[in-house]
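Peer 1: Handing you a structure now.
Quick note: the coordinates plus some simple rules give every number you see, no bench work behind them. Everything quoted here is computed from the prediction, not taken from an experiment. With ideal geometry, Cβ positions are generated from the backbone for all residues, glycine too; neighbour counts draw on all protein chains shown.
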Amino acid sequence: MPASDAMLDHQAAGLAALRMRRPVQVIAVTSGKGGVGKTSTSVNLAVSMAMDGRRVMLLDGDLGLANIDVMLGLQPQRNLSHVLDGSCALEDTIITGPAGVMVVPASSGKRNMAELSAAEHAGLVRAFSELRRPLDTLIVDTAAGIADSVITFSQASQEIIVVVTNDPQSLTDAYALIKVLSRDHGVRRFRVLSNMTHTPAEAREIHDNLRRVSERFLDVTLTDIGTIPNDDWLRRAVRRQRAVVDAYPSAPSASAYRALAHRVAGWATPSGSRGNLEFFVERLIGGALSTGAAA
């Protein structure tokens with residue numbers, strides 16, 4: 001049997017095993033530009049959901065500029081780059097964060113996902129198909145912008161949270177990301193989180209501005225899922241390499257993240273494969289194949 005056929009058979013077997021499990025909620029947290037609090041949102045959402053008793057995995061989706069381990073003060077011995085070069089399994093990279101969050105770290109200062117070959121994408125897919133840990137929620141902290149890795153992870157996820165601030169560049173770049181995902185990849189539904197806001201009115205303005213232009217020119221639906229207030233306690237937590245919900249649980253931002261976690265946990269799982277981890281794997285396979293075709 002050719003090597004490529006054997007790889008496909010191996011992936012199919014892994015997908016079949018995944019279908020025997022309960023549905024997994026798969027969420028991509030993304031943004032049009034950096035510096036808007038995307039990774040803080042991923043970290044605090046994951047820790048908040050774990051504090052509520054959910055089995056949460058947090059995947060650092062930026063292989064080149066990874067920083068989830070830094071934000072949580074973790075010191076991984078292995079990361080996704082070691083999985084891709086075959087020196088360890090995905091299971092070997094998982095480290096335990098606050099409240100039992102399972103963190104899959106990526107590498108920093110190396111190739112990002114946009115530079116992976118089709119074979120490396122397939123290796124990542126195979127790693128996920130072989131994962132045997134029980135999960136309730138997988139949160140993927142993507143890179144910022146519209147790189148191939150952002151598109152691949154976003155369209156593969158069940159839900160997409162777009163983090164925006166009241167900054168014209170943030171709104172412009174968020175619109176560009178939504179446009180690419182909707183027009184080129186058929187994504188129609190987005191959840192919008194306003195970050196670093198000073199008043200409820202400012203939060204409504206951020207969402208309304210983005211929704212107005214997106215729904216006017218694109219065939220999409222944007223849902224407002226709340227806001228995270230501008231908060232010095234959050235900045236202190238970042239300096240301490242802690243999640244604010246863990247370090248300062250009474251802080252305004254911590255309360256907002258816990259409220260967000262409760263809402264996210266209540267989102268209905270769509271019927272069919274779109275609510276399952278195998279959907280994530282299958283769509284990653286599709287992304288890998290399209291990357292290979294374009295190469």
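Peer 1: Using 7 Å Cα-to-Cβ label points, what is the Ala265/Arg188 separation (nm, one decimal)?
Peer 2: 3.1 nm
Peer 1: Hey, with R₀ at 22 Å, roughly what FRET efficiency would Ala147 and Arg55 work out to, going by the Cβ-Cβ distance, to 0.05?
Peer 2: On the way: r = 29 Å, r/R0 = 1.33.
Approximately 0.15, to the nearest 0.05.
Peer 1: Taking 2.2 N^0.38 Å as the expected size of a compact globular protein, what ratio does the Cα radius of gyration of region 43-91 give against it, to two decimals?
Peer 2: That ratio works out to 1.27.
Peer 1: To continue, here is another question. Return the long-range amide H neighbours of Thr221 (sequence gap of 5 or more, or a different chain), with a cut-off of under 5 Å between placed amide H atoms.
Peer 2: Counting only residues 5 or more places away or on other chains, the set is Arg189, Phe190.
Peer 1: Report the full-extension gain for the segment Glu130 to Thr172: residue separation times 0.36 nm, less the Cα-Cα distance, to one decimal in nm. Let's see the in-between values first.
Peer 2: On the way: separation 42, 0.36 × 42 = 15.12 nm, distance 3.89 nm.
Stretched out fully, the Glu130 to Thr172 stretch lengthens by 11.2 nm.
Peer 1: Let me ask another. Between Glu91 and Glu202, how high is the FRET efficiency from 1/(1 + (r/R0)^6) when r is the Cβ-Cβ distance and R₀ = 45 Å? Nearest 0.05.
Peer 2: 0.55
Peer 1: Say each of Arg216 and Leu65 gets a label point 7 Å from the Cα, pointing the same way as Cα to Cβ; how far apart are those two points in nm?
Peer 2: According to this spin-label approximation, the distance is 3.0 nm.
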